[in-house]
Structures are given as C-alpha cells and as structure tokens.
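Bear in mind that the values in this text are calculations on the coordinates, not laboratory data. Being a predicted model, the structure only gives us computed values, none of them experimental. As a convention, Cβ positions derive from the backbone with ideal geometry for all residues, glycine included, and neighbour counts pool all protein chains shown.
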Amino acid sequence: MKIFPTDIPDLLVVEPQVFGDERGFFFESFNRKRWLELTGMDVGFVQHNHSRSQQHVLRGLHYQIRQPQGKLVRVIRGEVYDVAVDIRRSSPTCGKWEGIRLSAENKKQFWIPEGFAHGFYVLSESAEVLYLATDFYAPEHERAIAWNDPDLNISWPPAVREPVLSEKDRKGKRFRDAELFP
C-alpha cells in the first residue's frame, strides 16, 4: 500500500499493491497494521457500506455533525468523481475541497477523516462504491451541503450539468448556512 497526501492535510489517496496475472488480481484493500505504520492513525472501522448508483447520480455532500464518520472509500465497479470538503471551522483549509477519480480499474481509495463533507458523481454507466466507516450511521445527525454551492466552487467534471439528486440532496444547505465542526 502507498499513501499519497493531497493539497489538504488529512485527506489521503491510497494505492494498494495489486498482484495480478492471467487469472485475475489480488490486493489487500485495508491492513490495519500497515495503515498504522504509514499514517500513524489507528482507525477502527465499525460499519461497511455498499452503494450502487446509475450514471449522472450525484450523492452528497454528506456528513454527520455528531457521531462523525471517517471514511475509506473505493469503487468496485465503474467510476466516480469523489469529493471531500473541509468543514472544520478551526482548519486553515475550511471550505476547501479535493476531488479524485476513483474506479474499479485504478483501485485507488480516498481517506476522508471526520470533519469533512463527502460526495461523489457517477461517471460510468453505473458504479458500486464501498465505504469503511469509523462510526455508525446516525440519520438524526446527518447533514447535507449543496453540491453546487458557489462559495465552495467545486470543479465537478463537465458532464455534471443536471445531476440526478435525492430529495435530501436537493435541499442541501449553502456552505455559509451549514452547521460546521469547531
């Protein structure tokens, strides 16, 4: 496993070591001991989530204001543009975002710690996304920020014009009005 920093400290791109031959491939998607050696973080995942979405679906930008979740995100089918936004008021990068293409082909993973909003847009015909989460889903604490908030100015791929959104995501708050972390 290789870990690459992004322009926002705490957000990491993870590239597993893939062993492949004519039969297929094998890789460790997570190894707690190796993760601790490379990042210094001893994370404990308590929930594994699996979602499937059709092309042009945009999910997010989601977070939990209480019981915040760190997430290790990867795509097992298709391709998405994955985005994390720093929503920690005390952070020098509050309001900044990072985006990365995750796909079944590139096998990259995105570490998004607590204190970030998360969302993704499906680029392929469909996509299946796995999330390892550090805390349990708590719908009463879930919040959403508008994916197209002008203050965030996220550079979504050009295909994102009229994304397919859930009702919750259509009602996402402006960043300036959102409940943020200290």
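Structural descriptor for the chain: relative contact order 29 percent, calculated from alpha carbon pairs under 8 angstrom and at least 6 residues apart.
In the chain, taking the dipole from charged Cβ atoms about the Cα centre, the farthest positive-side position among Asn148, Met1, Leu38 is held by Asn148. Among Asp169, Asp42, Asp82, the largest mean-square fluctuation in a Gaussian network model of the chain, built with springs joining Cα atoms closer than 10 Å, belongs to Asp42. Taking R0 as 45 Å, what FRET efficiency do you get between Val18 and Asp151 from their Cβ-Cβ distance, rounded to the nearest 0.05? So the FRET efficiency works out to roughly 0.70.
Filter the GluC sites (Glu not before Pro) in region 7-56 down to the DSSP loop ones having no more than 16 other Cβ atoms within 10 Å, then list what survives. Don't skip to the answer; put the middle values down first.
Values: sites: Glu22, Glu28, Glu37; in loops: Glu22, Glu28.
Hits after loop and neighbour filter: Glu22, Glu28.
Maximal additional length on extending the Arg66-Glu37 stretch stands at 7.6 nm, based on 0.36 nm per residue less the C-alpha distance.
Assuming charge only on the beta carbon of Lys and Arg (+1) and of Asp and Glu (-1), the dipole of region 2-177 about its Cα centre is about 280 debye to the nearest 20.
Which length gain, in nm to one decimal place, applies between Ala104 and Phe26 when the Cα-Cα distance is subtracted from 0.36 nm times their residue separation? Each step should come with its number before you reach the end.
Values: separation 78, 0.36 × 78 = 28.08 nm, distance 1.28 nm.
Full extension from Ala104 to Phe26 adds 26.8 nm.
Cross-linked pairs Lys33/Lys168; Lys107/Lys173; Lys96/Lys168; Lys71/Lys173; Lys33/Lys171; Lys107/Lys171: Cα-Cα separations exceed 29 Å for Lys33/Lys168; Lys107/Lys173; Lys33/Lys171; Lys107/Lys171.
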